[in-house]
Amino acid sequence: MLDFAEFERALAFRQPKLRLRQTGEILVAKGEFVLSDGASLEGRLDAFDIEMLVATSYPEVEPLVREVGGRIPYHPDWHMYANGRCCTCIWEEWCATSADTSFKAFCEGPLRNFFLSQHVFEKTGEWPFGERAHGAAGYLQAAANFLGLDEDDTHADRYLQAVAAQSLKGHWDCPCGSGRRLRDCHYAHFVSLRERVDRNQAIHLLTRLLELRRQERVNFRKPPR
Amino acid sequence: MPNENGLTHEEVLQQLHAGIDMPLEIYEEIIEKYESISNWLDRPDSSISQFDPMVAPQGSVRLGTANRPIAENDEYDVDLICRLNASKYDFTQKSLKEAVGREIIAYASRNGMKKQPENKRRCWTLEYTNARNFHVDVLPCIPDVESYRARLKEAGHAQIADNARVAQQAVAITDDTHERYAVISDDWPSSNPLGYAEWFKEQMAECVAAEKRALFEATRLYDHVEDIPDYKVKTTLQKAVQLLKRHRDSVFGDDPEHKPISIIVTTLAARAYNNETTLVEAISNILERFDEALEEINGVVWVVNPVNPEENFADKWEEIPEKAAAFRKWLKAARHDFGRYLNMLPPHEVPESLRARLGTTLVEKVMDSLRDRAPKVAAPAFITSQNTERAQVMVERVRERGTGSAPWLNLLNLRE
């Protein structure tokens, strides 16, 4: 849960150009989001006009951030939706992999990183912290990152299934894709992986991934000829 | 090139602090004053000399957080305690207050003070009107260690009760509105201003030790580090408290009734302080976390007295909600004013709002003294090549902390 005092603690000093208010269960920040490296000789680095809505049930619900100054093109290549909404990160991935998921950590993590990335992308055409592929493909990369695999590992979903399962069965096909039984291949590896990562988060990520794939199939089905 | 002479926010804040700090000679004058009162009370024919009277500063002078008055001719406020080594059977609250009062009145008369000492609810007030004006409150009290310990233990605060440095300083004070004021009784108001000062010192012990070592090595005026009196060094916590108090005084210039009291500002700042070594870091951290130590107990907001958790420094807020609102208003203004300067502007550009709060004349004087350190030509807000380098440094810092995050796009939301 997030109350207004904590919302202010995260933003009022570091972001003095944001106006903060609460409307029912929604905390609102509107104004200039300043990119700054603290007390710098040159002052702020850059600023973006934003509007951010955060539910008091944070971090259950992802904060909604919009760039409202028209500085960033509202285009998928900039990780922006047509209505100015910013896709700062894969929320479930950040929640699952961050040591600190407080609202302050979000402001100093994904939120700041997003606008710092936009600043750098504008100047150099590169995303300094990388970028996730759009849609379910990006989610699969996030799953790989969560499991500590190479981000391009296309078997991440099968790994996730093995971690999310109630128990491991030796007769399953090994998720690594070797065609061998699990008991004859990576059984020990998965036992140790299941000890390392949180099963509930794995279930959550897997559910979201499968749901995304299903919806993408329905929504982006090729029209009949 | 902006700031080729390297002026920093830290230097500006340090200079601003020096401009509001109570000067060392004033500290020394205060020491002279309370030693003089102490000698008078302890002279052979004093009516209370058999009780070994001890006079010592308390409050902001003892904490090292006292500021110069805003206006040149305003008086310095000094709080002293006058502790008699007596028991609750030797005196009633009234007879203690009168016994100390007789000697204080005699002292004032002997020293040709123009104004008779004033008998206030808990203390005697002396007005010095010489070259400098001092308003000195003398608080009569007696030791109250055992009942302080017992009360704390009974309320479940054994750790504080067992902290000898704090507990040994507990006192019973007088209050002329107390129902047992004029009768021999165990029931006296209690207080522990010197114990609070010990607690405050513990919060910055690391920094005090470092400052004393630095002074010892820089001056060689002392044989041992331990010989350096506390008031000779200043930590970043003390300086931050002083800047915040000055900001508060200015915000509430027209509304002193609702001004958040110093003990609240000092306690919350000390709670938030994390041994930051620079003033910029200290004030940033303190302002960010300032209200973290506010507690809500049964719907009432508490600023817990760290040396007596049964006491709420914010006890008036429930009765007078305007005080709580004023606290919020001030915190918001302080975060905005310092935040704008430290997070958005270069060191030589103190924003108008902060100038007004810390005193335009003072800020101008400080900036004048640093003029040769400011950039010769005003720096444009954005300098592309430098900004690219700065952005790269920021990116590297994020990577080092391992808190990088990559943007994504949910294709389904494209239809929003």
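Tabulated results
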| item | result |
| --- | --- |
| Extreme residue, surrounded by the fewest Cβ atoms within 10 Å (Cβ to Cβ), among residues of segment B:223-236 that are touching a helix residue (DSSP H, G or I) at 6+ places or on another chain (Cβ under 6 Å) and over 21 Å from residue B:56 (Cα atoms) | B:225 |
| Any helices (runs of 4 or more DSSP H) falling wholly within segment A:104-176 and containing at least 3 residues that are away from every other protein chain (no Cβ under 13 Å) and either under 21 Å from residue A:196 (Cβ atoms) or without any contact (Cβ under 8 Å) to a residue 12 or more places away in the chain (or both) | A:156-164 |
| Spans of helices (runs of 4 or more DSSP H) in segment B:309-372 with at least 3 residues more than 12 Å from every other protein chain (Cβ to nearest Cβ), of a type in the set (D, E, K, R) and farther than 30 Å from residue B:160 by Cα | B:352-358, B:360-369 |
| Test: residue in segment B:166-184 that is over 30 Å from residue B:106 (Cα atoms), open to solvent by 30 Å² or more (accessible area, probe 1.4 Å) and not β-branched (Val, Ile, Thr) | yes |
| Residues (assigned to a loop (DSSP other than H, G, I, E, B), facing chain B (nearest Cβ under 10 Å) and polar (S, T, N, Q)) located in segment A:80-103 | A:83, A:88, A:98 |
| Qualifying residue in segment B:68-75 (condition: assigned to a loop (DSSP other than H, G, I, E, B), closer than 25 Å to residue B:27 by Cβ, open to solvent by 10 Å² or more (accessible area, probe 1.4 Å) and touching a helix residue (DSSP H, G or I) at 6+ places or on another chain (Cβ under 7 Å)) | yes |
| Positions within segment B:259-279 being closer than 19 Å to residue B:333 by Cβ and open to solvent by 20 Å² or more (accessible area, probe 1.4 Å), in sequence order | B:259, B:261, B:262 |
| Selection within segment B:365-412 - at pLDDT below 90, closer than 29 Å to residue B:20 by Cα and loosely packed, with under 13 Cβ neighbours inside 10 Å | B:371, B:372, B:376, B:378 |
| Residue tally, condition crowded, with 18+ Cβ neighbours inside 10 Å and modelled with pLDDT under 90, over segment B:113-144 | 0 |
| So residue B:29, is it among the charged types (D, E, K, R), away from chain A (no Cβ under 14 Å), buried (at least 16 other Cβ atoms within 10 Å of the Cβ) and assigned to a helix (DSSP H, G or I) | yes |
| Some residue of segment B:292-308 being open to solvent by less than 30 Å² (accessible area, probe 1.4 Å), out of contact with any helix residue (DSSP H, G or I) (no Cβ under 6 Å at 6 or more places or on another chain) and not hydroxyl-bearing (Ser, Thr, Tyr) | yes |
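The values are calculated or read from the model by the stated rules, or taken from the named source; none is laboratory data. Fair warning: this is a prediction, and the values are worked out from it, not measured in the lab. Every residue, glycine among them, receives a Cβ derived from its backbone with ideal geometry; neighbour counts consider all protein chains shown. What goes into the accessible areas is simple: the full protein's heavy atoms, side chains included, and nothing from ligands, DNA or RNA. Shrake-Rupley method; radii C 1.70, N 1.55, O 1.52, S 1.80 Å.
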